[in-house]
Amino acid sequence: AGEGSGPVPGDGAGPPAPERVLFPPTFSVSEIKNKQRRHFMFVRWKQQQRKEKLALKKKRRKEREALGDKAPPKAVPKTIENQRVYDETTVDPNDEEVAFDEATDEFAPYFNRQTVPKILITTSDRPRGRTVRFCEQLATVIPNSHVYYRRGLALKRIIPQCIARDFTDLIVINEDRKIPNGLVLSHLPDGPTAHFRMSSVRLRKEIKRKGKEPTEHVPEVILNNFTTRLGHSIGRMFAALFPHDPQFVGRQVATFHNQRDYIFFRFHRYIFKSEKKVGIQELGPRFTLKLRSLQKGTFDSKFGEYEWIHKRREMDTSRRKFHL
Amino acid sequence: TKTQNFCRNEYNLTGLCNRSSCPLANSQYATVREEKGRCYLYMKSIERAAFPRRLWERVLLSKNYERALEEIDENLIYWPRFLRHKCKQRFTKITQYLIRMRRLTLRRRRKLVPLRRKIERRENRREEKALIAAQLDNAIEKELLERLKQDTYGDIYNFPIHAFDKALQQQEAESDSDSEAEREEEEEEEDVDKREFVEAEDSELSDFEDMDKLDTSSEEEQEEEEEVEKKASHSKSKGKTPLKGPARRKRPYIEIEYEEETEPKTK
């Protein structure tokens with residue numbers, strides 16, 4: 001009843017001419033009780049808003065063109081990456097302390113070419129089809145890796161055996177309801193252990209491409225966006241999985257791209273079509289990881305010393321704060 | 001099969017609701033119960049029926065299985081066979097499950113961590129958004145081109161125009177073919193030096209990059225350029241079939257012509 005609602009009652013479909021109708025200034029669309037009329041009014045309001053916005057854009061563009069060279073530079077849109085809360089552990093490329101740390105941490109032998117990576121890939125108990133196939137594909141992607149299944153063997157007991165047989169890294173793929181959903185990456189001679197949550201795993205046949213399978217060549221590694229100290233150490237962990245000298249003949253590249261604390265893994269074959277253009281073709285499995293915890297020693301859930309754990313209540317409060 | 005009810009009374013011996021095994025219905029009754037890993041024999045007799053607090057008499061049984069069975073026999077001497085038998089059976093069952101409990105705690109247990117639906121959904125959504133923001137293909141292509149410019153690949157890819165020479169080209173407005181020929185020569189000479197001294201600037205792992213370049217430079221000194229070119233052309237021809245992949249991905253209906261490597265690329 002009341003407040004001068006627009007369309008005349010009984011006039012369901014046709015919109016009245018807007019000049020005939022006056023609204024009191026405190027009127028809002030949400031006050032109309034009738035859903036159909038309310039919807040109609042809302043749609044009209046929305047169209048009006050859009051028109052206004054378009055008009056504003058056009059005006060601004062005309063002003064820009066009119067000013068020509070003197071126009072103020074275009075405003076940079078705010079993105080989450082722009083607005084990211086500054087993390088004090090961000091690594092400065094020239095930082096000596098960081099360089100010194102990295103020269104003396106557990107990956108130093110790898111980066112000094114003293115060790116060749118040898119990876120053991122295994123799963124949790126009783127792996128189901130997808131996980132098994134994923135393990136196999138992962139083994140083809142990472143050179144010098146072996147897949148072993150364990151039936152009920154405790155991790156703590158196989159670690160000394162691995163060290164004895166000269167493995168440098170251990171990957172455990174955890175499975176839940178027939179899909180892999182977790183990854184534990186442990187650098188073996190008492191190196192750090194990282195526990196990830198793995199999601200959107202795509203096997204090779206599910207990726208839409210028409211390439212062949214990865215060859216035996218050592219791929220290159222790309223690590224993007226690992227900026228903080230924590231990110232740096234994780235990045236080095238990933239780099240330590242692959243042998244140091246990529247074979248460029250193979251033209252394969254494995255990418256670990258960190259974006260907003262999600263690490264995307266892709267495996268491509270590239271070809272340089274020209275100086276400025278490169279074509280890439282995705283082979284190989286893909287998955288995304290999210291770091292859950294980083295432990296100082298090898299895998300030990302009870303007595304391990306945790307360097308970093310994801311604490312949901314503290315760390316997930318801000319949308320613009322990332323830790324990797 | 002005959003269905004039977006369960007008895008809810010905690011002192012029940014068999015667990016079923018019968019006249020013979022109801023602790024309320026029988027004035028003389030016995031049970032075995034365990035508390036914190038120790039087994040007790042509870043007995044109820046008619047003399048104490050008026051005193052509910054003292055109704056159930058409790059006897060601690062020995063930890064030794066045979067000793068405990070003897071104790072049950074001693075305490076329930078002259079009691080009905082049924083009760084004695086059932087008590088011993090129950091005691092046996094209890095000890096078995098206690099043993100199993102102790103064995104299980106020694107082994108490693110699989111800990112089930114429940115997923116929280118809201119959190120799962122939130123993380124999935126954020127992952128999708130992060131994926132879109134990442135623009136992976138572009139990032140990878142950019143990185144590869146960067147590496148090409150930084151000369152990590154050495155002389156495998158023989159593109160006549162190089163990064164800092166491009167600047168030259170922009171400044172000079174000379175004919176392309178001449179400048180390219182000059183640049184190829186310059187490049188061949190300078191490459192050997194450039195590789196050893198130039199640092200990769202914006203890669204995350206500067207160590208890694210340096211190591212790579214040192215290796216490729218050592219390769220270069222061993223091989224001749226002609227061989228490298230042959231190898232490059234061979235790899236190019238090897239690369240023809242995978243090239244169809246990304247090309248086809250982008251423009252599926254256009255035929256792609258492959259240029260011979262010896263022709264100068266005009267860009």
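The values are calculated or read from the model by the stated rules, or taken from the named source; none is laboratory data. These numbers were taken from a predicted model, which means no experiment stands behind them. Counting neighbours? That spans all protein chains shown, and the Cβs are built from the backbone with ideal geometry, glycine included. Calculation scope for accessible area: heavy atoms of the full protein, side chains included, ligands and nucleic acids excluded. Shrake-Rupley method; radii C 1.70, N 1.55, O 1.52, S 1.80 Å.
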Leaving out ligands, DNA and RNA but keeping every protein chain, what accessible area does A:E97 have, in Å² rounded to the nearest 10, with a 1.4 Å probe? 120
In bins 5 Å wide, starting from 0, what share of all Cα pairs of region A:193-324 does each bin hold, as a percent? 2, 9, 16, 19, 18, 15, 10, 6, 4, 1, 0
With +1 on the Cβ of every Lys and Arg and -1 on the Cβ of every Asp and Glu, and nothing else charged, how large is the dipole of region A:50-178 about its Cα centre, in debye rounded to the nearest 20? 1760
Calculate, axis by axis, the spread of Cα positions in region B:29-106 along the three principal axes, and write the results as whole Å, longest axis first. 46, 25, 17
Residue of A:P219, A:P243, A:P24 that the Gaussian network model of chain A assigns the largest fluctuation, springs spanning Cα pairs under 10 Å: A:P24
Highest GNM mean-square fluctuation among A:A71, A:A154, A:A254, for chain A with Cα springs under 10 Å, belongs to A:A71
Considering only C-alpha atoms, what is the centroid distance from region A:107-121 to region A:124-159, in Å? 20
For region A:96-216, just the Cα set please: Rg and Dmax, both in angstrom. 16.0, 48
Working from Cα positions, state the angle (0 to 90°, nearest 10) between the long axis of helix A:129-141 and the longest principal axis of chain A. 70
Compute the Rg to Rh ratio over region A:29-68 from the alpha carbon atoms, using the Kirkwood formula for Rh, and round to two decimal places. 1.35
Distance between region A:17-89 and region B:1-55 - C-alpha centres, whole angstrom: 78
Taking the Cβ-Cβ separation of B:E120 and A:R157 as r and a Förster radius of 30 Å, what is the calculated FRET efficiency to the nearest 0.05? 0.40
How many angstrom lie between the C-alpha centres of region A:258-306 and region B:95-153? 10
Pick from A:F226, A:F248, A:F196: which residue has the top mean-square fluctuation in a GNM of chain A where Cα pairs under 10 Å get a spring? A:F248
Averaged per residue, what accessible surface does region B:29-106 expose to a 1.4 Å probe, in Å²? 70
On a 0 to 90° scale, report how tilted helix A:155-164 is relative to the longest principal axis of chain A, with both axes built from alpha carbons and the result rounded to the nearest 10. 50
Nearest 10 degrees, 0 to 90: helix A:229-239 Cα axis against chain A principal axis: 60
Take the solvent-accessible surface of the protein heavy atoms, probe 1.4 Å, and return the percent of it on region B:29-106 that carbon and sulfur atoms account for. 53
Does any residue of region A:71-114 lose at least 20 Å² of accessible area with all protein chains in place compared with its chain alone, and if so which ones (probe 1.4 Å)? A:F111, A:R113
Under 11 Å, Cβ to Cβ, from A:L120 - net charge with Lys/Arg +1 and Asp/Glu -1: +1
Please report the net charge: other residues with Cβ closer than 14 Å to the Cβ of B:R38, K and R +1, D and E -1. +3
Rg and Dmax of region A:135-181, Cα atoms only, in Å: 11.8, 33
On complex formation of B with A, accessible surface lost, both sides summed, probe 1.4 Å, nearest 100 Å², amounts to 5200
Would you mind computing Rg(Cα) / (2.2 N^0.38 Å) for chain A, counting N as its residues? 1.43
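Please work out the Cα convex hull volume for region A:159-210 and give it in Å³ per residue.
Per residue, the Cα convex hull of region A:159-210 comes to 119 Å³.
Report the extension gain between A:D125 and A:D166 in nm, rounded to one decimal, defined as 0.36 nm multiplied by the number of residues separating them, less their alpha carbon distance.
The span from A:D125 to A:D166 would gain 12.4 nm if fully extended.
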